[in-house]
Amino acid sequence: MSPLDLTGLIGVALFLLPQTLFFAFYSLLGLYSKRYSEKRGLEAYLGETVSIIIPVRGEPPDYVEMALKRVSELSSTVDVEVIIVSDDPPEFLEYLRRLVDEWSRRLKVYYVWRSEPRGFRAGALNVGLYASTGDYVYVMDVDSFFDPCLVLRGVSLLKSSERLAGVVGRWSVWNKGSRLSEALAYNMEYVVNVLFKARSALSLDIFPLGTGTLFKASVLKELGGWDEERLQDDMDLGVRLYRRGYRVEYIDSCRVYVEAPTRYSSLRVQQERWAYGATDVLLARLGALLRSPVSLVSKVESALFLGQYTVVLLLWVGFAVTATVSLLGGVDYTAKYAFITGAWLFSQALFAAVETYTLGAGLRESAVNQGRMAAVTVALSVPILRGVAKALARARQEYKRTPKGLFERRMRGKGVSGELALLVALAVVLFLVALRKYVLLSLITCMYMVSVVYTLIRWPRDIIGLK
């Protein structure tokens, strides 16, 4: 094998193999989620106090009021206290005082204002944790709410085992009024099956969710709360719990309703933060994960989960190498090593089929939502790459909340974006490989290019700042 052919093989392998393994593995987990069986016969809630921490920073005021309204409905059956931790400017304080005064007649509600909001979101959570008096702690984002059974059954489950630190409910999207949020809701149903139902069925370790997890307050305090150096505080907390020999369990029948982004610009902010946060936790906590008293399979699976965003980095490095070597060598290496390309195509078809089957969705609904998610995911490569690169460089990343409500509607792009740069680069590659009549590489490049074009057409002002 010539050096050029070897380089072409490496390029195609980097480009397609990580994706192939990702889709195949998540297809198998999706099928295995059918074996999930929930624990039955849990005792009823026995009256312990549950402290609900609501961190706020730049949130729409009506969202804060809605969160308190939802908690007040829960307080008729559960003894709850609410602690609002605000990282907002001083001018927000007067509104917060009035709000707490109004709701204190119906609810045990307090607020803490941090004049110096250090430690990202985790810093606010720690303030709420040490101000709380409850035996159990639940972190609630203002755009979310949950079934009361998560507390009613969760407390009973936590009491049943000394080494059980948290109970996670099933995430569901409550706002499906836009193309994007509908596709995200569809995708989330499958992701929950993979990450929670299948893991539970396989006795793998469950990661807690930032909102949607009921914790034992004593365990959180034993760990010193959330790590204020980590941006993705829930994944980091999961590894630290495993290291101490604690577990987290999942209840599928108790739902946590979250708001999905309705605009591409909001999703971009969220995904860059998640990509940075997950990669940062992998780098910072890999040693702790490997030393934790969990099975080898669980360690490997958890490490792969934390490193999921590096698949995007390998994809584009491999694509660049494949295209360059193909043009230099006069050979379409995606066709030369067709066994890799074929496995990649098969894994994507398998993933789509398994997702449709396990969700029980119609073919049209599946095709539409899978197509939307596939297209948007390609465009999201840009913020994901930015997040992964910053984490690998150990650069500090500012915590940016996902815009919601009025703040989301007011967002718009600023000048030339990375997505436009990606589109231009793909167009140049497509032109060059099409001239060489590289049919397979041209089709793959065209597929990625069409995905970015779709995103640009659907959300033009998010990408190029159009009104």
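The values are calculated or read from the model by the stated rules, or taken from the named source; none is laboratory data. Keep in mind that this is a model prediction, so the values were computed, not measured. Here Cβ is always computed from backbone atoms with ideal geometry, including for glycine, and neighbour counts include all displayed protein chains. When the accessible area is computed, the model is the full protein with side chains, heavy atoms only, and any ligands, DNA or RNA have been set aside. Shrake-Rupley method; radii C 1.70, N 1.55, O 1.52, S 1.80 Å.
If Rh is defined by the Kirkwood formula over all Cα pairs and Rg also comes from Cα, what ratio Rg/Rh do you get for the chain?
Radius of gyration relative to Kirkwood radius: 0.99.
For each cysteine in the chain, check whether another cysteine's C-beta sits under 4.7 Å from its C-beta; list those where none does.
C446
Describe numerically, in nm with one decimal, the distance between label points set 7 Å from Cα along Cα→Cβ at S295 and at S76.
4.4 nm
For K216, what is the net charge nearby, where nearby means another residue's Cβ is under 13 Å from its Cβ and Lys, Arg count +1, Asp, Glu -1?
That works out to 0.
What is the Cα convex hull volume of the stretch 120-236 when expressed per residue in Å³?
122 Å³
Any chance you could run the full-extension gain for A367 through K176? It's 0.36 nm times the residue separation minus the Cα-Cα distance, nm to one decimal.
Length gained, A367 through K176: 67.1 nm.
Need the full-extension length gain, L283 to V112, defined as separation in residues times 0.36 nm minus the C-alpha distance. One decimal, nm.
Taking L283 through V112 to full extension adds about 58.3 nm, to one decimal.
Going out from 0 in 5 Å bins, what whole percent of all Cα-Cα distances in the stretch 322-443 drops into each bin?
2, 8, 11, 13, 17, 17, 15, 11, 5, 2, 0
Quick one: give the max-minus-min coordinate of the C-alpha atoms of the stretch 245-306 along each principal axis, largest first, in Å.
Cα spread of the stretch 245-306 along its principal axes, largest to smallest: 41, 32, 16 Å.
Using all alpha carbons of the stretch 296-339, what is the percent of pairwise distances in each 10 Å bin, ordered from the shortest bin to the longest?
25, 33, 23, 17, 2
Which log10 I(q)/I(0) values does the stretch 177-298 give at q = 0.22, 0.23 Å⁻¹ under the Debye formula, counting every alpha carbon as one identical point scatterer?
-1.46, -1.51
When the Kirkwood hydrodynamic radius is evaluated over all pairs of different C-alpha atoms of the stretch 259-384, what value in angstrom, to one decimal, is obtained?
Every distinct Cα pair counted, the radius reaches 17.6 Å.
Identify all lysines with a Cα-Cα distance to K437 below 26 Å; exclude those on the same chain that are fewer than 8 residues away in sequence.
Here the lysines satisfying the reach criterion relative to K437 are K336.
Considering only protein heavy atoms and a 1.4 Å probe, what is the carbon-and-sulfur percentage of the accessible area of the chain?
61 percent
Sorted by mean Cβ packing within 10 Å, highest first, what order do the peptides 382-395, 354-367 take?
382-395, 354-367
What are the radius of gyration and Dmax of the stretch 146-194, computed over its Cα atoms and given in Å?
14.5, 44
So, for the stretch 1-132, what is the accessible surface per residue at a probe of 1.4 Å, expressed in square angstrom?
Each residue of the stretch 1-132 exposes 49 Å² on average to a 1.4 Å probe.
Using mean Cβ contacts within 10 Å as the protection proxy, how do 85-95, 58-68 order, highest first?
58-68, 85-95
Return the calculated 222 nm mean residue ellipticity for the chain, to the nearest 500 deg cm²/dmol, obtained by summing -39500 (n - 2.57) across DSSP H runs with n ≥ 4 and dividing by the residue count.
-19000 deg cm²/dmol
FRET efficiency for D101 and L420, Cβ-Cβ distance as r, R0 = 56 Å, nearest 0.05?
The formula returns an efficiency of 0.70 here.
What whole-number distance in Å separates the alpha-carbon centres of the stretch 207-225 and the stretch 305-384?
If we compute the Cα centre of each part, the gap is 36 Å.
Quick one: compute a quarter of the convex hull surface over the Cα atoms of the stretch 205-269 and quote it in nm².
Taking the Cα atoms of the stretch 205-269, their convex hull projects to 5.7 nm² on average.
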